[in-house]
Amino acid sequence: MHYLLRKQVILFAIILFSSVSVLAQKQRYRPNHDDLPYYFGLTLGYNSSYLHQTKSPRFLQSDSILSVEPGASGGIVMGLLATVKMTNRFELRANPQLIIGGSKFMAYQLGPTKPGEGSFQKQTLPATLISLPVHFKFNSDRIGNFRTYLLGGIKIDTDLSSNSAARLSEDLLKLKRNDFGFETGIGFNFYLPFVTVSPEIKFSYGLSNIHQYDPTLKYSNVLDKIQSRMIIFSIHLED
């Protein structure tokens, strides 16, 4: 697995630097784009999300659940983009997004079980997010038709699929609807004759505890904090 991942990283680096060298040798496209006071765009992407969990003291006191492990899954990202120039290096960007899919889950290994109950249980938590991130971008010098940038900022998420209002069912792990966190990442601007294509990888860290703790639910009372984590690969199409 590590060998395959290393090969993919090397291949990506070769393609990236080859593209940079080709673009740097060509005619300089849209030379006045960086002087625009603002510009807009569209976002398409893919995300991998998972949950970071902290166990409660009750986990050690009970033998009904032996282990709890979070799992990751993928989803589709669609969004809009609005960027405002602050200085020659810094820009302010808003990037509201709709994230479809990307359901998260917790895998439980149970201790003594009831007749007919399996020793392995999986709590799947569907997610459809509206994400409102605001970033500061730090831009490098433009080399021909290529530029690199770093970004960092905050985000507010609302989960339209939240089960926090659900009742009954002792087998339900509940997550709150709203989340808050910060994001950081790196991206690359490729200037083309009529559009700027910007592939970007971003890491998202939820800061709030989205676990709606319920001491009466066996899948909930063994957990204290649950925080969201997400890796997003995006391609921005900017005017």
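Could you list, in sequence order, all residues of the range 17-49 that are modelled with pLDDT under 55, surrounded by 14 or more Cβ atoms within 10 Å (Cβ to Cβ) and more than 29 Å from the chain's Cα centre (by Cα)? Reasoning before the result, please.
If we filter the range 17-49 for residues that are modelled with pLDDT under 55, which is where we start, we get 17-25.
After this cut, where a residue has to be surrounded by 14 or more Cβ atoms within 10 Å (Cβ to Cβ) as well, the list is 19-20, 23.
Answer for the range 17-49, where residues must be modelled with pLDDT under 55, surrounded by 14 or more Cβ atoms within 10 Å (Cβ to Cβ) and more than 29 Å from the chain's Cα centre (by Cα): just Leu23.
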Residues located in the range 191-209, provided they are more than 18 Å from Ser48 (Cα to Cα) and buried (at least 19 other Cβ atoms within 10 Å of the Cβ): Tyr191, Thr196, Ser198
Search result, residues across the range 73-87 that are outside any strand (DSSP E or B) and either touching a strand residue (DSSP E or B) at 6+ places or on another chain (Cβ under 7 Å) or in contact (Cβ under 8 Å) with a residue 12 or more places away in the chain (or both): Met86
Test set (1) over 30 Å from Asn32 (Cα atoms); (2) in contact (Cβ under 8 Å) with a residue 40 or more places away in the chain; (3) surrounded by 15 or more Cβ atoms within 10 Å (Cβ to Cβ) - Thr216 fails condition number: (3)
The range 140-152 - residue that is of a type outside the set (A, V, I, L, M, F, W, C) and without any contact (Cβ under 8 Å) to a residue 60 or more places away in the chain and, of those, surrounded by the fewest Cβ atoms within 10 Å (Cβ to Cβ): Asp141
Inter-residue pairs, beta-carbon under 6 Å, first under 21 Å from Asp157 (Cβ atoms) and touching a residue at least 24 places away in the same chain (Cβ under 8 Å) and in the range 183-194, second of a type in the set (Lys, Arg) and in a strand (DSSP E or B), 6+ apart: Glu183/Lys155; Glu183/Lys202; Gly185/Lys202
Restricting the range 50-87 to residues that are more than 24 Å from Phe180 (Cα to Cα) and at pLDDT 90 or above, the residue that is surrounded by the most Cβ atoms within 10 Å (Cβ to Cβ): Lys85
Residue list for the range 171-190, restricted to those being under 24 Å from Gln53 (Cβ atoms) and hydrophobic (A, V, I, L, M, F, W, C): Leu172, Leu173, Leu175, Phe180, Phe182
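The values are calculated or read from the model by the stated rules, or taken from the named source; none is laboratory data. The structure displayed is predicted, hence computed values, not measured ones. With ideal geometry, Cβ positions are generated from the backbone for all residues, glycine too; neighbour counts draw on all protein chains shown.
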